[in-house]
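Report on the structure given below.
The values are calculated or read from the model by the stated rules, or taken from the named source; none is laboratory data. The structure presented is a predicted model; accordingly, all values stated were derived computationally and were not measured. Side chains included, ligands, DNA and RNA excluded: accessible areas come from the protein's heavy atoms. Shrake-Rupley method; radii C 1.70, N 1.55, O 1.52, S 1.80 Å.
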Amino acid sequence: MSQTTSNEMWGGRFASGPDAIMEEINASIDFDKRLYEEDIAGSKAHAVMLADRGIISAEDCDKIVKGLESIRVEIAEGRFAFSRAREDIHMNIEARLAELIGPAAGRLHTARSRNDQVAVDFRLHVKTALQRFEAGLVEFLRALVDKAEAHADTVMPGFTHLQVAQPVTFGHHCLAYAEMAARDLGRCRDALERMDECPLGAAALAGTGFPIDRHQTAAALGFREPTRNSLDTVSDRDFALEFLSFAAIAGTHLSRLAEEIVIWSTPQFGFVRLSDAFSTGSSIMPQKRNPDAAELVRAKPGRINGALISLLTVMKGLPLTYSKDMQEDKEQVFDAIDSLQLALAAATGMVRDLVVDVEAMRKAAGHGFSTATDLADWLVREAGLPFREAHHVTGRAVSMAEERRIGLADLPLDDLKSLNPAITEDVFSVLTVEASVASRKSFGGTAPDNVRAQIAVWRERLDLEG
């Protein structure tokens, strides 16, 4: 970097430019050019406010706004020449503005600093991303509710420890992920509410002596209000940490669903089939259908979790206010935005695309003596046994069936009566998987009627989303 370029940036403080290593570690333009839309929007709002307050002339404001719009078009069309020598997106745009409109460009930076400038750019970017995720989560919820409605009666095995536990309905299973997605949506909206404050006007750290109107710039940029403490404003990255926390939890939920799709689509389970749109083949094994989309959704949260830990580590030891460490805040957030965006879109597509093998699910639901709890409950309810005794009797029945390699419903009545004489023929009415799920009518249970009732609630909630 030439001495001339360095002095353009820093004025008379430094006699010579930094060497190549300093330029390499200091430059952020390679990644923060992604903020150009936000940077230009912030600069336009700032210029208009300065003119309205009589701090710059209307003529200079008009030149600045028109010049900034020309730069926005240049960048959008790929005609802008980014320079690493100018460090970041702010200085790249300011330098180009000076080329386009001359000395008036130098008035734009009145009453602001790169500290509040980057804070407003970054916050706007994260806010916009969260608004996209808000809409994306609603679509994901719609896909889950649609699938649940189609399979409110479809019986499948419910698992604990990945062992068959009790029969459930696939609709109920889908709505479990809807509950997770709804909590993610709530976290998304909570984060948006907290970050809806505008940093612009905090300047370097202490505010400014110019008679600016921070409420005007906040409103122009779509914020609820300006931030209230200039020291906190330029040093705050809670909004980025909250986004990453939300993204890590949402990504974890998507990863759990993806893992189940991977398992369910194996020949050993055969519960579901993904179309070619979300599968790939093997280069040497023609029989293979690999659930690559699900596997990549499962992997993406690893990057998001790493981003969260990285930024937490960067921020944990910083004194007030701004430190250059904070330049390390953006790459992780940008990567997390991209990763979660892909994972959410892929998960939504896979849920809509999923073809369910109803018979395979139903057959598997009967394996592993999944109605054993129903037998124990019947003994309590109909025979009056204490639950612990009913549990013991049921365990002996399972052992008997296991030895004979048959299901509980296939045990002769006399053999069941030998375990407890209070058992009657009525017991067989609870030993089918259909009877089992139908009986789970407690609030939040898996009974098909419950699932339909919950679907109605979800439909009402989603209708309110528009």
For a quick check: with amide H placed at 1.01 Å from N, whose amide H comes under 5 Å from C198's, ignoring anything fewer than 5 positions away on the same chain? E225, T227
For V168, residues with placed amide H under 5 Å, excluding near neighbours: M156, G158
When the accessible area of region 369-465 is split by element with a 1.4 Å probe, what percent falls to carbon and sulfur? 52 percent
In square angstrom, rounded to the nearest 10, how much accessible surface does V355 have for a 1.4 Å probe? 90 Å²
May I ask you to compute the full-extension gain from R228 to E434, defined as 0.36 nm times their residue separation minus their alpha-carbon distance, rounded to one decimal in nm? 68.2 nm
Using only Cα atoms, what Kirkwood radius does region 369-465 have, in angstroms? 14.8 Å
For D325 and R459 in the same chain, what is the full-extension length gain: residue separation times 0.36 nm, less their Cα-Cα distance, in nm? 43.6 nm
Value of relative contact order over region 369-465, rounded to a whole percent, pairs C-alpha under 8 Å and six or more apart: 24 percent
Long-range amide H contacts for V272: which residues qualify at under 5 Å (H placed 1.01 Å from N, peptide plane, sequence gap of 5 or more or a different chain)? S265, D357
For region 20-110, what % of the accessible area comes from carbon and sulfur atoms, probe 1.4 Å? 52 percent
As an exercise, take the mean of 1/r over every pair of distinct alpha carbons in region 20-110, invert it, and state the Kirkwood radius in angstroms. 13.5 Å
Using only the heavy atoms of the protein chains and a 1.4 Å probe, how would H367, H172 rank by accessible area, largest first? H367, H172
Where does the chain land on Rg(C-alpha)/(2.2 N^0.38 Å)? 1.35
Only Cα pairs under 8 Å and at least 6 apart count here; give the relative contact order of the chain as a rounded whole percent. 16 percent
Per residue, what accessible area does the chain have, given a 1.4 Å probe and all protein chains present, in Å²? 47 Å²
